[in-house]
Amino acid sequence: MKKTNKKKIEEFIRVDHAGERGAIKIYEGQLLALNTVCKDEKLKETIKTMKLHEKEHLDFFEQEIKKRNINPTKFLPLWDLLGIGLGFGSTLLGKKAAMLCTASVEEVIDEHYQNQIDQISNDEKKLKEKIIKFREDELNHKDIAYQEGATKNGIYSVLDKVIKVGSKVAISISEKV
């Protein structure tokens, strides 16, 4: 049986921990905007539900970080600030932008998690099963975002590209540092 490279697993857990925490921070920024500037109770409930899923994901990766003695990315404080800013700012732009923020991030995470799933051997069965489940949750969030009005039409295409590039950069950095 082929074993998954230990260093690779550590990178996966480090980056997934950072990503799930980042997702929570984006939702916290969105909720901050919805509680202070943009009142939309239905959108607030949708975001709270998605945030709960991200909390389940984060809890799992926090346990894995502790259990395996993996250092989290040194960039967590910066990612926290950027996540809150992205969530708050996208929500100030309106519901379509807020939901596009979710859709864009989830499209990057879909590809990211699928790449990990393809690399993890059966020696890491529990980790692989969790990532498969979490990917399904993220795809559900993407679907919800489009149902709630996310769009890439017009100027929103620029926002989509900026969010995706930023997410990919954060992933690359968090895997290594």
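The values are calculated or read from the model by the stated rules, or taken from the named source; none is laboratory data. Here the structure is a predicted model, which is why all the values come from computation and not from measurement. In this analysis, Cβ positions are derived from the backbone assuming ideal geometry, glycine residues included, and neighbour counts consider all displayed protein chains.
Here are the numbers:
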| item | result |
| --- | --- |
| Count of the stretch 47-72 residues which are buried (at least 16 other Cβ atoms within 10 Å of the Cβ) and among the acidic types (Asp, Glu) | 2 |
| Residue within the stretch 101-108 that is farther than 19 Å from LYS168 by Cβ and modelled with pLDDT of 95 or more present | no |
| Condition check for ILE70: in contact (Cβ under 8 Å) with a residue 12 or more places away in the chain, part of a helix (DSSP H, G or I), β-branched (Val, Ile, Thr) and out of contact with any strand residue (DSSP E or B) (no Cβ under 9 Å at 6 or more places or on another chain) | no |
| Condition met for ALA97 (in contact with a Ser or Thr (Cβ under 9 Å, 6 or more places away or on another chain), surrounded by 23 or more Cβ atoms within 10 Å (Cβ to Cβ) and in a helix (DSSP H, G or I)) | no |
| Extreme residue, farthest from ILE24 (Cα to Cα), among residues of the stretch 129-164 that are in contact (Cβ under 8 Å) with a residue 60 or more places away in the chain and of a type in the set (A, V, I, L, M) | LEU159 |
| Count of the stretch 1-43 residues which are closer than 21 Å to ASP80 by Cβ, surrounded by 13 or more Cβ atoms within 10 Å (Cβ to Cβ) and of a type in the set (S, T, N, Q) | 1 |
| Qualifying positions in the stretch 147-177 - closer than 16 Å to VAL15 by Cα and among the hydroxyl-bearing types (Ser, Thr, Tyr) | SER167, SER172, SER174 |
| Residue satisfying condition, being touching a His at 6+ places or on another chain (Cβ under 9 Å) and under 30 Å from ASN5 (Cα atoms), within set LYS128, LYS164, LYS168 | LYS168 |
| Meets criteria (within 12 Å of the chain's Cα centre (by Cα), in a helix (DSSP H, G or I) and among the acidic types (Asp, Glu)) for GLU106 | yes |
| Selection status of LYS48, out of contact with any helix residue (DSSP H, G or I) (no Cβ under 8 Å at 6 or more places or on another chain), assigned to a helix (DSSP H, G or I) and either of a type outside the set (A, V, I, L, M, F, W, C) or farther than 17 Å from LYS133 by Cα (or both) | no |
| Condition check for LYS39: basic (Lys, Arg) and part of a helix (DSSP H, G or I) | no |
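Residue-by-condition table, conditions (1) of a type in the set (Gly, Ala, Ser); (2) at pLDDT 95 or above; (3) farther than 18 Å from ILE171 by Cα:
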| residue | (1), (2), (3) |
| --- | --- |
| MET1 | no, no, yes |
| ILE13 | no, yes, no |
| ALA18 | yes, yes, no |
| LEU31 | no, yes, yes |
| GLU45 | no, yes, yes |
| HIS53 | no, no, yes |
| PRO77 | no, yes, no |
| LEU82 | no, yes, no |
